[in-house]
Amino acid sequence: MTDLSAFPIATRWPASHPDRLQLYSYATPNGVKVSIALEELGLPYEAHAVHIGKDENSTPEFLSLNPNGKIPAMIDPDGPGGRPIGLFESGAILLYLTDKTGRLIPADPARRYETIQWVFFQMASIGPIFGQVGFFHK
Ligand SMILES: N[C@@H](CCC(=O)N[C@@H](CS)C(=O)NCC(=O)O)C(=O)O
């Protein structure tokens, strides 16, 4: 069984299936981006609700995975080299998942960068606006 004891976040949000991707998120525009990708890719995952309206994203356990205190964040117990990896920032997680599976992003370098530019555009220009939804929940 995968050992997630190196990740303090797993003490507050325990894994029932530690061999699966662990998603720490909430039903917000930035949060669901990763859920949608996981569903599209058919990857087995376990979702943990981080109630941003109750400031759970500011707890030491959550901040241990994302020091910026924003959902979504994720642990892949089967990361590079078969070792667990923790990630935050929805764009980085999306690129990680597409690289891991070789799907939803073109292999051709020019088309790959064309796709990445739109991911960055979303992060820089759209996400910061929609992401503020979290503040209105409080
Ligand atoms: N650039 C980040 C933005 C994440 C973000 O803004 N998350 C919001 C919810 S959509 C959040 O955690 N808000 C809680 C807060 O700021 O306290 C990403 O794309 O992952």
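Regarding residue 108, is this residue out of contact with any helix residue (DSSP H, G or I) (no Cβ under 6 Å at 6 or more places or on another chain), closer than 21 Å to residue 42 by Cβ and open to solvent by 50 Å² or more (accessible area, probe 1.4 Å)? Criteria not met by residue 108.
Considering only the range 54-77, I want to know if a residue exists there that is exposed (fewer than 14 other Cβ atoms within 10 Å of the Cβ), without any contact (Cβ under 8 Å) to a residue 40 or more places away in the chain and closer than 24 Å to residue 17 by Cβ. Checking the range 54-77: not a single residue is exposed (fewer than 14 other Cβ atoms within 10 Å of the Cβ), without any contact (Cβ under 8 Å) to a residue 40 or more places away in the chain and closer than 24 Å to residue 17 by Cβ.
Picking from 126, 85, which residue would you name as being over 14 Å from the mean Cα position of the chain (by Cα), open to solvent by 20 Å² or more (accessible area, probe 1.4 Å) and without any contact (Cβ under 8 Å) to a residue 60 or more places away in the chain?
Numbers: 85 fails: over 14 Å from the mean Cα position of the chain (by Cα).
Result of the check over 126, 85: 126.
Consider the range 60-106 and keep the residues that are at positive phi and of a type in the set (Gly, Ala, Ser). The one that is nearest to the ligand (Cβ to nearest atom) is 69.
So is residue 26 of a type in the set (Ser, Thr, Tyr), more than 15 Å from the ligand (Cβ to nearest atom) and open to solvent by 50 Å² or more (accessible area, probe 1.4 Å) or not?
Values: of a type in the set (Ser, Thr, Tyr): yes; more than 15 Å from the ligand (Cβ to nearest atom): no; open to solvent by 50 Å² or more (accessible area, probe 1.4 Å): yes.
Judged against the criteria, residue 26 is not a match.
The residue of the range 29-49 that is nearest to the ligand (Cβ to nearest atom), among those that are in contact with a Ser or Thr (Cβ under 9 Å, 6 or more places away or on another chain) and among the charged types (D, E, K, R), is 33.
Within the range 57-71, the residues that satisfy the criterion of being in contact with a Ser or Thr (Cβ under 7 Å, 6 or more places away or on another chain) and over 14 Å from residue 87 (Cβ atoms) are 61, 69. Could you check the range 1-27 and list, in sequence order, the residues that are more than 19 Å from residue 95 (Cα to Cα) and under 13 Å from the mean Cα position of the chain (by Cα)? 26, 27 - these are the residues of the range 1-27 that are more than 19 Å from residue 95 (Cα to Cα) and under 13 Å from the mean Cα position of the chain (by Cα).
The values are calculated or read from the model by the stated rules, or taken from the named source; none is laboratory data. For clarity, every value in this text was computed on a predicted model and none was experimentally measured. Backbone-built Cβ (ideal geometry, glycine too); neighbour counts: all protein chains shown. When the accessible area is computed, the model is the full protein with side chains, heavy atoms only, and any ligands, DNA or RNA have been set aside. Shrake-Rupley method; radii C 1.70, N 1.55, O 1.52, S 1.80 Å.
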